[in-house]
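In what follows, a single structure is set out as structure tokens and then discussed.
The values are calculated or read from the model by the stated rules, or taken from the named source; none is laboratory data. Since this is a predicted model, take the numbers as computed values, not measurements. All Cβ positions, even for glycine, are placed from backbone atoms using ideal geometry, and neighbour counts span all protein chains on display.
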Amino acid sequence: MAYREVGMHEVKEVLRLWLAGQAKKVIARQVGLDPKTVRSYVAAALAAGLVGTASEVSEELLTKTLAELRPEAGRPRGEAWAVCEQEREDLGRLLGQGVRLSKARKLLQRRGVEIPYSTLHRFAVEELDFGKSAPTVPVADGKPGEELEVDTGWVITLLPNAQGKRRRMRAWIFTPNVSRYRFVWPAEQETTAEAIAACEAAWGFYGGIYKVLKPDNTKAIVTTADAINPRITAAFLEYAQARGFHVDPARVRSPQDKGRVERGVQTVRDDCFGGEELHTLADARERGLHWSEHEYGARRHSTTRRMPKEHFEAVEKAALLPAPSERYDVPLWCEPKVARDHLAQVAKALYSLPTRLIGKTLRARADRSLVRFYDGDSLVKTHARQPPGGRSIDPADFPSEKRAYALRDIDYLARQAGTHGEHVGRFAKALLDGPLPWTRMRRVYALLSLAQRYGDARLDATCTIALKAEMLDVRRLERMLQRAAPPPLSRSAQVIPLARYLRPASQYALPLASRERENIEGEEQ
């Protein structure tokens, strides 16, 4: 006869009928058991504390009865198990260090300890919790309209274009915590600008903005990953502030922090784009939108047991922040260095900065209309945005002595010459009078240098003579100044006395020549 395990309900029925006064043989016929089995159940219940005057069988009594009926006998352990008990401490230490169980067995064999692997594995599983994952608890979904999880991954390869090239596409995948109404936005790159564009598309899809965005630690959003104080990219943080939501990145290598979207990449790759023939990015985005709304959104979710789209419209949509009414101007943040020519490059355009900032690395923010430069937290310069290859020059940024030449300021040079005399100014204007005046700027600089060498009065007088003769050659003007110069003052000749020895010749170690000795003796006399 095959063994049949009696369930809890049958045992409870046996005890309930016995308390009602039924005979054991009658109970056996009604329940379909052997009378000896009925007697053993009643005996086990009496041993567990059942009394004949009880009106019903409690769950506690039933549990004790089953424990009496099914003791944990088990087969006796062998000698190998006893050896495992002796090596428990070493095995626990090795497994705690991440050593594989097969390697731990080899290390034991080196010490002469032989244990069959099957016994060692059974001991490690039952006694040392080997191979068991830590228990987890489900995290609450939170309130409707609060959290939106986002993840990225490779999902599709487009068909070859006209040049025969195939392009792999990523996708930004958004999943609300409550409704699970998923939205897919394919993109070519994983940049901050693409992250902002994906969020803008998501707000349009959902018809509002979620209060908290939970991304992974992509460099497009998170600059420095940290479990407590993560640093958000400046451009994305500014975008979050403009739209009124908070960024709460997941911890590094902690997929459970955004578990509702973590397996979404595989689902999107296989169910949304698998087998689809798409040629362009626009085709991929159209396919992702259709799948999100009409396929995934209309399929009953395995966890919520509701249609994601219907669930979202009924519970979450009214709790969202208002959707943006105008397009967001995505700023460009960079760190340009001010070169020696006072210029810094932002988005392939050049902008001038003051001399004191030369050599410094600044932070620049460029939007659709303006470019702002920051030295630390201080705003130091603002320029109008220029197209690639353009320049925005502020003359006030250059030194005054170099500003005119750098900017080809003809009027400034004429005014500068006029400060040295009326006729000097007229001479400079005459030099600059022509179809290409900036080609004569060096002549004016040479004229100004003559004022420094010969004085304003002499230069003004000489320019008067040159203008009357209609002579406009700066070199000839210089020769006129040289010839008109007064002769240099004569200075009296300085007589240098003859050198004399301060000590007599006899004190020197080397003897003097006869002529030198006669000259010295004559001078002494």
Residues that are of a type outside the set (Val, Ile, Thr), out of contact with any strand residue (DSSP E or B) (no Cβ under 6 Å at 6 or more places or on another chain), assigned to a helix (DSSP H, G or I) and crowded, with 16+ Cβ neighbours inside 10 Å: does region 133-152 have at least one?
no
Could you grab me the full set of residues in region 256-280 that are within 14 Å of TRP172 (Cα to Cα) and among the hydroxyl-bearing types (Ser, Thr, Tyr)?
THR267
Taking the condition of being of a type in the set (A, V, I, L, M, F, W, C) and touching a Ser or Thr at 6+ places or on another chain (Cβ under 7 Å), how many residues in region 137-156 meet it?
0
Looking at GLY421, is it outside the structural domain of LYS348 (by TED's automatic domain parsing), at positive phi and surrounded by 15 or more Cβ atoms within 10 Å (Cβ to Cβ)?
yes
Taking the stated definitions as given, is ASP375 modelled with pLDDT of 85 or more, in contact with a strand residue (DSSP E or B) (Cβ under 9 Å, 6 or more places away or on another chain) and surrounded by fewer than 16 Cβ atoms within 10 Å (Cβ to Cβ)?
no
Here is a check on your reading of the model: is ALA451 of a type in the set (A, V, I, L, M), surrounded by 12 or more Cβ atoms within 10 Å (Cβ to Cβ) and under 15 Å from ALA414 (Cα atoms)?
yes
LEU477 being part of a helix (DSSP H, G or I) and in contact with a Phe, Trp or Tyr (Cβ under 6 Å, 6 or more places away or on another chain):
no
Within region 227-234, is there a residue that is in contact (Cβ under 8 Å) with a residue 40 or more places away in the chain and either on the phi > 0 side of the Ramachandran plot or assigned to a loop (DSSP other than H, G, I, E, B) (or both)?
yes
Among (1) at pLDDT 95 or above; (2) among the aromatic types (Phe, Trp, Tyr); (3) in contact with a Leu (Cβ under 9 Å, 6 or more places away or on another chain), which single condition is PHE312 missing?
(3)
Specify which of the listed residues (ARG385, ARG368, ARG372) is in the same structural domain as ALA344 (by TED's automatic domain parsing) and touching a His at 6+ places or on another chain (Cβ under 9 Å).
ARG372
Yes or no: LEU107 outside the structural domain of GLU313 (by TED's automatic domain parsing), buried (at least 20 other Cβ atoms within 10 Å of the Cβ) and aliphatic (A, V, I, L, M)?
no
Test each condition in (1) part of a loop (DSSP other than H, G, I, E, B); (2) more than 30 Å from LEU320 (Cβ to Cβ); (3) free of Cβ contacts under 8 Å to residues at least 12 places away in the same chain for VAL125 and report the one that comes out false.
(1)
